[in-house]
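The values are calculated or read from the model by the stated rules, or taken from the named source; none is laboratory data. Fair warning: this is a prediction, and the values are worked out from it, not measured in the lab. Virtual Cβ from ideal backbone geometry, glycine too; neighbours counted across all protein chains shown. Note: accessible area is taken over every heavy atom of the protein model, side chains too, but ligands, DNA and RNA are not part of it. Shrake-Rupley method; radii C 1.70, N 1.55, O 1.52, S 1.80 Å.
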Amino acid sequence: MKAMSKQQLADAAGVSVKTLMEWCRPYEKRLRRMGLRPRAKVLEPHIVKFLVETFCIDVEP
């Protein structure tokens, strides 16, 4: 998995960044423990992996 912007991940999911962040709300504490900063524009690879697996987002390899 590679780092992605929130916009790239939202596009892959077919939703807006706002909707993607709403989906993440129940996982907020876990994501913060993983190192996600609230205003980060780029998501680290391990965070992208978690979100892709959690929300079944198909991203190109």
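Averaged per residue, what accessible area in Å² does the chain show with a 1.4 Å probe, protein chains only?
73 Å²
If each DSSP helix of 4+ residues adds -39,500 (n - 2.57) and the sum is divided by the residues in the chain, what number results at 222 nm, nearest 500 deg cm²/dmol?
So the calculated ellipticity at 222 nm is -14500 deg cm²/dmol.
Please report the net charge: other residues with Cβ closer than 12 Å to the Cβ of Leu20, K and R +1, D and E -1.
Surrounding charge for Leu20 is +1.
Need the full-extension length gain, Lys49 to Tyr27, defined as separation in residues times 0.36 nm minus the C-alpha distance. One decimal, nm.
6.5 nm
Would you work out what percent of the accessible area of the chain, with all protein chains in place, is carbon or sulfur (probe 1.4 Å)?
51 percent
For the chain, what is the relative contact order in percent, using Cα pairs closer than 8 Å and at least 6 residues apart in sequence?
About 53 percent, as a whole number.
Show me the ranking of peptides 13-22, 37-46 by mean Cβ neighbours inside 10 Å, starting with the highest.
13-22, 37-46
For Asp58, tell me the accessible area in Å² from a 1.4 Å probe, rounded to the nearest 10.
Accessible area of Asp58: about 130 Å².
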